[in-house]
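Peer 1: Encoded as structure tokens, here's the structure I'll be asking about.
The values are calculated or read from the model by the stated rules, or taken from the named source; none is laboratory data. What you see is a predicted model, and the numbers here were worked out from it, not measured in a lab. As a convention, Cβ positions derive from the backbone with ideal geometry for all residues, glycine included, and neighbour counts pool all protein chains shown.
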Amino acid sequence: MSKTKERIRDSQLRYKQGLGQNFIYDEDLLASLVEAAGVTREDDVLEVGPGAGSMTKHLCKAAHHVMSVELDDRLIPLLNGFMAEYDNFTLIHGDVMTVNLPEITASLRKPLSVVANIPYYITTPLMTMLLTSPLDIKQMALMVQKEVADKVLAQPGDDNWGPLALRCQFYCDPYLAMDVPAACFTPAPKVDSSFIVLPRREKPLVDVKNEEDFFRVAQAGFALRRKTMTNGLCAAFHMERTEAVELMQKAGLDERVRCEKLTFEELARLADVYTDWRFDHRSNE
């Protein structure tokens with residue numbers, strides 16, 4: 001039994017299902033995960049959900065400094081005791097979704113590396129928040145449900161291709177580091193997990209006139225996956241069909257194509273045409 005697992009047992013702490021607590025105690029696996037995360041002595045790390053500190057100590061051995069954000073107040077004394085020997089560790093008690101990340105990380109080296117074994121129920125909101133955050137992030141290394149990893153890594157035309165993949169790949173160049181079976185966790189979740197790494201791109205994958213419009217147009221298409229992109233434009237932006245068809249034609253696209261079949265470059269062309277349409281539409285009001 002690992003020392004971390006012994007501490008959990010001795011403290012009589014019960015895992016909180018509502019917080020999605022599933023911990024890893026295999027030391028070799030933890031070391032491999034930190035190595036896969038690409039953390040070096042030059043990096044400061046923001047760790048989300050340190051749990052009992054199993055991975056945290058490996059991060060401290062690899063990184064310049066580690067700041068961990070933990071929500072569960074029952075784990076705070078355990079973490080403080082377990083990590084007392086590491087002078088390159090800072091613990092923040094709070095909810096990563098609501099704390100002021102730029103403020104608490106102000107003293108850390110930039111760009112940051114983010115490492116997280118996050119509860120599945122906040123995976124998508126957390127990833128979206130980090131991708132759109134003003135934080136200067138070098139890369140993210142995340143333990144996620146395998147199904148989520150499949151969505152992040154999907155390509156246009158795949159069944160899993162959708163808004164999450166689009167946003168992640170727009171800003172990052174994600175890849176699968178390793179799959180992690182459910183049996184590696186305590187308590188074991190009902191599904192397998194994947195450890196994915198998302199290095200931040202120097203610039204977005206495609207150039208667009210307005211990033212918000214790019215995601216608006218994509219969401220319009222994904223909202224009606226079984227309909228054409230033309231129908232999605234009509235529904236989302238209250239266009240006449242003739243206007244939507246004209247936008248598709250200006251973007252060089254078949255008016256009958258579905259959003260899930262469009263490449264990044266095609267969506268970028270359509271988004272730029274939509275940006276021009278929106279500007280003209282407002283100017284004529």
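Peer 1: Across the range 169-181, which residue is farthest from GLU211 (Cα to Cα) among those that are in contact with a strand residue (DSSP E or B) (Cβ under 7 Å, 6 or more places away or on another chain) and not in a loop (DSSP other than H, G, I, E, B)?
Peer 2: Looking only at the range 169-181, we keep the residues that are in contact with a strand residue (DSSP E or B) (Cβ under 7 Å, 6 or more places away or on another chain), and these are 171-180.
Still in the running and not in a loop (DSSP other than H, G, I, E, B): 171-172, 175-180.
Numbers: TYR171: 11, CYS172: 15, TYR175: 23, LEU176: 26, ALA177: 29, MET178: 31, ASP179: 32, VAL180: 34 Å.
Residue satisfying both the conditions and the ranking: VAL180.
Peer 1: The conditions are (1) in a strand (DSSP E or B); (2) in contact (Cβ under 8 Å) with a residue 40 or more places away in the chain, and ALA149 fails exactly one of them. Which is it?
Peer 2: In the conditions (1) in a strand (DSSP E or B); (2) in contact (Cβ under 8 Å) with a residue 40 or more places away in the chain, ALA149 misses (1) alone.
Residue by residue, here is whether (1) of a type in the set (S, T, N, Q); (2) over 19 Å from the mean Cα position of the chain (by Cα) holds:
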| site | (1), (2) |
| --- | --- |
| SER68 | yes, no |
| GLU85 | no, yes |
| LEU91 | no, yes |
| LEU108 | no, yes |
| LEU112 | no, no |
| VAL115 | no, no |
| THR132 | yes, no |
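Peer 1: Return yes when LEU153 is more than 11 Å from the chain's Cα centre (by Cα), modelled with pLDDT of 95 or more and surrounded by fewer than 17 Cβ atoms within 10 Å (Cβ to Cβ) and no when it is not. So that I can check it myself, show each step before the final result.
Peer 2: Working: more than 11 Å from the chain's Cα centre (by Cα): yes; modelled with pLDDT of 95 or more: yes; surrounded by fewer than 17 Cβ atoms within 10 Å (Cβ to Cβ): no.
In short, no.
Peer 1: Being under 22 Å from GLN139 (Cβ atoms) and of a type outside the set (Phe, Trp, Tyr) is the filter; apply it to the range 81-99 and report the residue that is surrounded by the fewest Cβ atoms within 10 Å (Cβ to Cβ).
Peer 2: Residue satisfying both the conditions and the ranking: MET97.
Peer 1: Could you please let me know if ASP272 is in contact (Cβ under 8 Å) with a residue 12 or more places away in the chain and under 16 Å from PRO163 (Cβ atoms)?
Peer 2: Working: in contact (Cβ under 8 Å) with a residue 12 or more places away in the chain: yes; under 16 Å from PRO163 (Cβ atoms): no.
The answer is no for ASP272.
Peer 1: Something else: For the range 205-261: of the residues being more than 13 Å from TYR274 (Cα to Cα) and of a type in the set (Val, Ile, Thr), which is surrounded by the fewest Cβ atoms within 10 Å (Cβ to Cβ)?
Peer 2: Among them, the one singled out is THR242.
Peer 1: Follow-up. Among the residues of the range 123-138, is any surrounded by 15 or more Cβ atoms within 10 Å (Cβ to Cβ), charged (D, E, K, R) and closer than 20 Å to THR56 by Cα?
Peer 2: Yes; the residues of the range 123-138 include at least one that is surrounded by 15 or more Cβ atoms within 10 Å (Cβ to Cβ), charged (D, E, K, R) and closer than 20 Å to THR56 by Cα.
Peer 1: Across the range 68-80, what is the number of residues that are surrounded by fewer than 16 Cβ atoms within 10 Å (Cβ to Cβ) and either at pLDDT 95 or above or touching a Gly at 6+ places or on another chain (Cβ under 9 Å) (or both)?
Peer 2: Step one: list which residues in the range 68-80 are surrounded by fewer than 16 Cβ atoms within 10 Å (Cβ to Cβ), which gives 73-74, 76-77, 80.
After this cut, where a residue has to be either at pLDDT 95 or above or touching a Gly at 6+ places or on another chain (Cβ under 9 Å) (or both) as well, the list is none.
Residues meeting the conditions: 0.
Peer 1: So, of the residues in the range 264-285 that are modelled with pLDDT of 95 or more and of a type in the set (Ser, Thr, Tyr), which turns out to be farthest from LEU233 (Cα to Cα)?
Peer 2: Top of the filtered list is THR275.
Peer 1: Let me ask another. Filter the range 241-269 down to residues that are assigned to a helix (DSSP H, G or I) and among the polar types (S, T, N, Q) and give me whichever is farthest from ASN160 (Cα to Cα). Steps first, please.
Peer 2: The first filter runs over the range 241-269 and keeps only residues assigned to a helix (DSSP H, G or I), leaving 241-250, 259-261, 264-269.
With among the polar types (S, T, N, Q) added as a condition, the list becomes 242, 249.
Working: THR242: 31, GLN249: 27 Å.
By that ranking, first place goes to THR242.
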